[in-house]
Amino acid sequence: MQVLSNKNATAGVSRKVAGTRVRAVNRAPLHVVAASKNQTGRWKAMDAGQDTSDDQMDIARGRGMVEDLFQGGQGQDGTANPIMTSSEYLSQARTTFNNIEDGFYISPAFLDKMTIHIAKNFMDLPKIKVPLILGIWGGKGQGKTFQCSLAYKKLGIAPIVMSAGELESGNAGEPAKLIRQRYREASDLVRKGRMCSLFINDLDAGAGRMGGSTQYTVNNQMVNATLMNIADNPTNVQLPGVYKLEEIPRVPIVCTGNDFSTLYAPLIRDGRMDKYYWNPTREDRVGVCMGIFQEDQCSRADVEALVDMFPGQSIDFFGALRARVYDEQVRLFITSTGIENLSKRLVNSKEGKVTFVKPVMTVDVLMKFGRGLTAEQENVKRVQLAEEYMSGASLAGETGSSMPLGEGAKKKVSLIK
């Protein structure tokens with residue numbers, strides 16, 4: 001800190017002015033303080049990147065502080081009325097991955113594809129058109145969204161997230177407007193020096209057309225058209241009703257889905273969307289399952305035997321399998337607590353959360369519960385009641401659907417005898 005002194009500070013000196021005696025006032029030396037770069041002052045909160053003030057609330061606080069002549073119209077039209085409440089302009093879509101712990105498996109091929117796509121969109125490559133959208137598609141329950149979350153955390157990105165449910169609305173044009181708002185929100189973070197991305201979950205479920213029975217609405221059409229327009233002009237994305245030529249930073253878009261053939265064909269062309277089919281290999285499945293069972297002291301040989309036992313199952317099958325192992329302990333807890341006391345014990349209980357001793361997860365136990373899950377899957381495929389009910393009247397009787405399991409076979413054997 002540099003201190004500058006004023007050498008001309010006046011002392012207490014008496015002098016005569018026009019016949020009167022005037023005594024000068026003693027003044028302290030003047031010191032000018034030059035602030036260093038890392039010194040923080042009283043206006044630190046208004047510095048770039050540190051401003052936490054609320055402009056809308058400041059506008060409201062100014063009511064009555066200025067003459068009515070300068071306040072504009074009265075009532076809701078005055079300039080002292082905030083145009084938005086705090087909950088409307090604070091981001092509800094930005095997500096963090098602080099709850100994801102280390103130790104989970106990221107597929108090298110998946111991370112490579114996603115990292116290259118995001119990096120290329122932040123580079124200025126000469127005479128090369130980089131697709132703005134990365135479409136990751138594949139079978140249900142294969143961990144596409146979770147792999148994206150792990151990759152985002154690895155890259156240090158907190159993306160702006162949208163779901164398929166936000167791509168439809170009772171108001172025409174609302175989802176398309178929301179996509180533009182979320183894209184510009186991510187672009188503002190890039191402008192502030194933070195890498196960001198727009199992440200859309202299950203794009204085909206919200207904007208795709210699932211067969212002839214699915215109604216194709218105006219919002220479906222406008223969502224596809226908006227994404228096409230953003231992919232073509234990623235640095236000139238305007239809100240509806242705004243026609244101002246303003247260049248904004250480019251933001252890569254990553255979306256997941258099960259079948260992108262249901263989307264509008266011009267949207268998924270190679271110049272706009274880079275597509276990646278995620279079908280985990282055996283090594284990927286074993287790696288992910290090692291993360292699922294990492295706290296259960298399961299060896300790699302046990303996990304490999306489990307994966308090989310159920311080769312046709314998706315990855316989320318093994319997560320459900322681990323949850324099934326706790327059923328016996330939950331059953332014992334319900335028995336000891338009593339069904340009538342469950343509400344008091346589980347909701348706002350003074351005793352705290354319910355904790356269990358980790359059950360022993362051997363290969364035999366996991367195989368047993370795995371066969372139970374596959375049996376339930378087979379029942380869903382075998383007993384198709386909707387088809388039976390829609391084809392005609394299905395009445396209870398010897399061949400009706402109300403027959404207990406196994407009783408129909410016994411009845412047929414008795415009739416043959």
**Request:** Give just the number: which of (1) surrounded by 20 or more Cβ atoms within 10 Å (Cβ to Cβ); (2) more than 14 Å from N201 (Cβ to Cβ); (3) more than 15 Å from the chain's Cα centre (by Cα) does K129 not satisfy?
**Result:** (1)
**Message:** Suppose we filter the range 206-256 for residues that are charged (D, E, K, R) and under 13 Å from R184 (Cβ atoms); how many remain?
**Reply:** 4
**Message:** Name the single residue that is least open to solvent (accessible area, probe 1.4 Å) among those in the range 117-126 being under 27 Å from D284 (Cα atoms) and hydrophobic (A, V, I, L, M, F, W, C).
**Reply:** I118
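Please enumerate the residues belonging to the range 284-321 that are more than 16 Å from G103 (Cα to Cα), open to solvent by 50 Å² or more (accessible area, probe 1.4 Å) and more than 25 Å from the chain's Cα centre (by Cα).
Taking the range 284-321 first, the residues more than 16 Å from G103 (Cα to Cα) are 301-302, 304-318, 320-321.
Checking the rest, the ones that are also open to solvent by 50 Å² or more (accessible area, probe 1.4 Å) come to 301-302, 304, 308-309, 311-312, 316.
Passing the criteria: A301, D302, E304, D308, M309, P311, G312.
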**Prompt:** Can you tell which of I334, I339 is over 22 Å from A301 (Cβ atoms), surrounded by 10 or more Cβ atoms within 10 Å (Cβ to Cβ) and modelled with pLDDT of 90 or more?
**Reply:** I334
**Item:** Matching residues, the range 312-336, being part of a loop (DSSP other than H, G, I, E, B) and in contact (Cβ under 8 Å) with a residue 12 or more places away in the chain
**Value:** Q313, S314, I315, V325, Y326
**Request:** Would you tally the residues in the range 195-209 being modelled with pLDDT of 90 or more and either surrounded by fewer than 18 Cβ atoms within 10 Å (Cβ to Cβ) or among the hydrophobic types (A, V, I, L, M, F, W, C) (or both)?
**Result:** 6
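The values are calculated or read from the model by the stated rules, or taken from the named source; none is laboratory data. Predicted model only: the values in this text are computed from it and were never measured. Glycine gets a Cβ as well: all are built from the backbone with ideal geometry, and neighbour counts include every protein chain shown. Heads up: the accessible areas ignore ligands, DNA and RNA and are worked out on the full protein's heavy atoms, side chains in. Shrake-Rupley method; radii C 1.70, N 1.55, O 1.52, S 1.80 Å.
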